[in-house]
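To start, the structure under review is shown below, and the notes come after it.
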Amino acid sequence: MSYPPPSRARSGPRRRTLLASAAGAAVLLAGCTSGTGPDGGTSSPSARARKRAAADSTALLARYDAALAAHPGLDERIAPLRAAVAAHVAAFDGKAVPSASASPSATGDEDDAKHGGKAASAGPSGSPDPVPATEKDARAWLAAAERTLADRRTRALLDVPGELARLMASVAAAGAAHAFVLTEGDK
């Protein structure tokens with residue numbers, strides 16, 4: 001006896017699969033350590049690439065925080081993605097990242113003091129970009145930032161050595177998955 005085909009064929013991976021993959025990537029990233037050259041300096045191309053990647057991930061994390069502050073209803077959907085981006089920051093620079101539960105004003109003030117500007121609205125390129133007014137547009141805004149950063153990291157893979165290239169490839173793949181999850185069901 002043959003079974004009828006499913007009533008609704010899925011195109012692409014399920015959200016749970018992507019989130020589990022992103023969580024797995026975050027666990028793998030935790031095993032990667034940041035490092036400087038043998039002299040302790042950051043003059044090597046690898047150290048500069050790692051510093052840039054950490055700054056890009058920090059800016060992306062600030063976007064997630066700004067979106068969560070503007071649209072608290074997005075918490076359930078984007079909190080796991082924000083946690084993965086925080087793990088990326090830690091993997092690139094080796095420092096702990098504040099959780100999303102910290103008050104936005106407290107973390108924003110610290111970021112403002114460090115970066116000399118409104119860090120919560122800075123995008124991966126560092127330019128101010130306000131959070132869109134609707135949740136759907138905010139998710140699209142985050143997805144565009146994830147895609148842009150994933151593309152930049154993919155292009156940078158040719159210029160970095162072994163461990164850092166593997167880390168950047170993993171983070172770029174996670175970013176592409178985040179973009180998919182953020183826009184899933186919006187069509």
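The values are calculated or read from the model by the stated rules, or taken from the named source; none is laboratory data. No experiment lies behind these values; they were computed from the predicted model shown. In this analysis, Cβ positions are derived from the backbone assuming ideal geometry, glycine residues included, and neighbour counts consider all displayed protein chains. We work out accessible area using only protein heavy atoms, side chains counted, and drop any ligands, DNA or RNA first. Shrake-Rupley method; radii C 1.70, N 1.55, O 1.52, S 1.80 Å.
Computed quantities for the displayed model
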quantity	calculated
Region 172-187, subset of a type outside the set (K, R) and free of Cβ contacts under 8 Å to residues at least 24 places away in the same chain, residue surrounded by the fewest Cβ atoms within 10 Å (Cβ to Cβ)	G185
Residue within region 154-171 that is open to solvent by 40 Å² or more (accessible area, probe 1.4 Å), part of a helix (DSSP H, G or I) and closer than 26 Å to D75 by Cβ present	no
Helices (runs of 4 or more DSSP H) wholly inside region 32-138 containing at least 2 residues that are over 17 Å from A179 (Cβ atoms) and at pLDDT 55 or above	45-70, 75-93
